[in-house]
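> Pasting a structure here, questions to come.
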Amino acid sequence: MFKKILSALIFLFVYGSNSWAQEISTSFTVIPLGIKGGDDESNLSSYMIAPKGSEKYICLDAGTIKAGIQKAIDHKSLKGVSEEIQRTQIKGYLISHAHLDHVAGLIINSPADTAKNIYGLPSVLNILRDKYFTWDAWANFANEGEKPQLKKYTYSPLLESITYPLEGTEMKVRAFELSHGNPYKSTAFLISHNESYALYLGDTGADEIEKSDKLAKLWRVIAPIVNSGQLKAIFMEVSFPNEQPDKQLFGHLTPKLFYSELSKLESLTDEKAFKKISFIVTHTKPPQKTAEKVKKQLISRNSNSIKLIFPQQGKRLTIN
């Protein structure tokens, strides 16, 4: 009898503990510091992401930092003082491309920041090194480029097809090149933690408009992760409403093109697994009436009832 009780207790401890650990491992916390594309300097593309329960975040792009952190404090999504949160909780920056609405917060807040890595494709890091962190434009807080180099930031190049640890966190990343107004490059980042994944796409055009196969290649790689149930969320931009002419998209998506691209991914995946993914809509352009039209068009075309999330600045998201 004692042996049976002991065996039952061991079973509960081992398998119960594993179930609890699995529940923790399959969730991410996202803090949107900025959700828009365009000209609102207080609310530009930037998302803090960490495994649920952790305060060791990576920033996905960095258009807005300080103002977004303050919004998050106001919404009780973060606790503390904005400067200290940037210094201690943001462990590094993943920069999809070097347009100002994706890097302005990083640059302007650099004097108050602490030492950490800036991750990106070599071509993206080269722009930061040669155009922004120079003594003519600002100051060189990085470890390369014009001298004197203040060496607060370390450029960490990401090569495609290689998975890299994100220093100071429990997460890893794999980068994929995107086309953002061909031949200008952007990046998708596949974030992983304990066999769970979130995919963040920087600005991107549709393959048919860009005359590219970048998204097609990305969909083929992530399809098995979707089918396994491990991909929890996809951050994907929809900058303009459907009325925007193709020649004025400048490497961006509309609701129509958004669904066109997702249909290609869906064709490679299991229907039930695909519908479990949360699709976080990013980078909608001003004015407000444009954003409202984009949202309405996305909802009206959602015939497959996928999970659309329209993030709000400073409001915490939990991705399960």
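> Which residue pairs have Cβ atoms under 9 Å apart, sit 6 or more places apart or on different chains, and have a first residue in the stretch 104-124 that is of a type in the set (Phe, Trp, Tyr) and a second that is part of a helix (DSSP H, G or I) and surrounded by 20 or more Cβ atoms within 10 Å (Cβ to Cβ)?
119/125
> Could you please give the count of residues in the stretch 176-210 that are without any contact (Cβ under 8 Å) to a residue 60 or more places away in the chain and out of contact with any Lys or Arg (no Cβ under 8 Å at 6 or more places or on another chain)?
The qualifying residues number 7.
> When the stretch 51-101 is examined, which residues are found to be of a type in the set (Val, Ile, Thr) and within 21 Å of residue 280 (Cβ to Cβ)?
58, 64, 65, 69, 90, 95
> Shifting gears a bit: Would the stretch 86-107 turn up any residue that is surrounded by fewer than 20 Cβ atoms within 10 Å (Cβ to Cβ), on the phi < 0 side of the Ramachandran plot and aromatic (Phe, Trp, Tyr)?
No.
> Provide a single number: the residues in the stretch 267-289 that are more than 19 Å from the chain's Cα centre (by Cα), surrounded by fewer than 19 Cβ atoms within 10 Å (Cβ to Cβ) and not hydrophobic (A, V, I, L, M, F, W, C).
Matching residues across the stretch 267-289 total 9.
> When the residues of the stretch 15-37 are filtered to those that are closer than 22 Å to residue 75 by Cβ and not aliphatic (A, V, I, L, M), which remaining residue is modelled with the lowest pLDDT?
Residue satisfying both the conditions and the ranking: 27.
Here is a yes/no grid of residues against (1) farther than 29 Å from residue 172 by Cα; (2) in contact (Cβ under 8 Å) with a residue 24 or more places away in the chain; (3) not in a loop (DSSP other than H, G, I, E, B):
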{"site": "221", "(1), (2), (3)": "no, yes, yes"}
{"site": "229", "(1), (2), (3)": "no, yes, no"}
{"site": "233", "(1), (2), (3)": "no, yes, yes"}
{"site": "257", "(1), (2), (3)": "yes, yes, yes"}
{"site": "280", "(1), (2), (3)": "no, yes, yes"}
{"site": "305", "(1), (2), (3)": "yes, yes, no"}
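> I need the full set of residues from the stretch 127-143 which are out of contact with any Phe, Trp or Tyr (no Cβ under 9 Å at 6 or more places or on another chain) and under 23 Å from residue 200 (Cα atoms), in order please.
Residue satisfying the conditions is 127 alone.
> Also, quick follow-up: Of the conditions (1) closer than 18 Å to residue 289 by Cα; (2) surrounded by fewer than 16 Cβ atoms within 10 Å (Cβ to Cβ), residue 237 satisfies every one except a single condition; which number is it?
(2)
> Follow-up question, since we're still on this one. What residue, of 126, 182, 143, is polar (S, T, N, Q), modelled with pLDDT of 95 or more and in contact with a Gly (Cβ under 8 Å, 6 or more places away or on another chain)?
182
The values are calculated or read from the model by the stated rules, or taken from the named source; none is laboratory data. Bear in mind the structure is a predicted one, so any value in this text is a computation, not a measurement. Virtual Cβ from ideal backbone geometry, glycine too; neighbours counted across all protein chains shown.
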